[in-house]
Amino acid sequence: MRTLSGIAALVCFVSFALSAQPRRPAEPPVKKAKITFVELGSVNCIPCKKMQPVMKAIEQKYGAAVEVIFYDVWTEAQKPFAKKYGVRLIPTQVFLDEHGKEFFRHEGFFPEEDIHKIFRQRGVVPTRTGG
């Protein structure tokens with residue numbers, strides 16, 4: 001009987017000691033982008049240069065809902081991305097869902113309003129206006 005009450009006392013002590021430990025606040029969940037917009041182009045091609053303000057506007061208007069990634073595929077370091085994404089000409093825009101699966105692709109200059117239409121079809125709307 002003494003052993004049983006000793007074990008019960010030990011369990012109570014451990015339980016109390018653990019509950020008295022300072023607890024770290026829960027980590028906020030990392031918000032993953034609903035869409036990843038991959039722009040494959042170059043800073044030296046004319047249509048690609050026209051995509052720069054479009055990408056910036058998308059980043060500003062959609063915030064964390066859309067991740068915009070630019071690869072300058074004319075550089076040695078980023079040339080492999082042209083092969084990875086099967087680029088035939090630049091600029092090429094590849095849109096990936098939250099699981100990294102391609103759901104849309106466009107070649108050439110892509111006006112901002114047309115990109116908004118693609119996003120709306122996926123249920124993604126701007127979080128901010130203007131830009």
For Lys34, list the lysines whose Cα falls under 18 Å from its own Cα; do not include residues on the same chain fewer than 8 positions away.
-> Lys56, Lys61, Lys101, Lys117
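Can you give the relative contact order of the stretch 58-116 as a percent, counting alpha carbon pairs under 8 Å and 6+ residues apart?
Working: 43 pairs, mean separation 12.1, N = 59.
Averaging sequence separation for qualifying contacts and normalising by length gives 21 percent for the stretch 58-116.
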Report the label-to-label distance for Trp74 and Lys101 in nanometres (one decimal), using points 7 Å from each Cα along the Cα→Cβ vector.
-> 3.6
Taking the simple approach of a point 7 Å from Cα along Cα-to-Cβ for both Lys34 and Leu89, what is their distance in nm?
-> 3.2
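About the Cα centre, and with charges only on the beta carbon of Lys, Arg (+1) and Asp, Glu (-1), how big is the dipole of the stretch 35-121? Nearest 20 debye, please. Present the calculation step by step, with values, prior to reporting the outcome.
Working: 12 positive and 12 negative charges, 37 e Å.
Once rounded to the nearest 20, the dipole reads 180 debye.
Only the coordinates and a few stated rules stand behind these numbers; no lab work does. Note that this is a predicted model, so its numbers are computed, not measured. All Cβ positions, glycine included, derive from the backbone under ideal geometry; neighbour counts span all protein chains shown.
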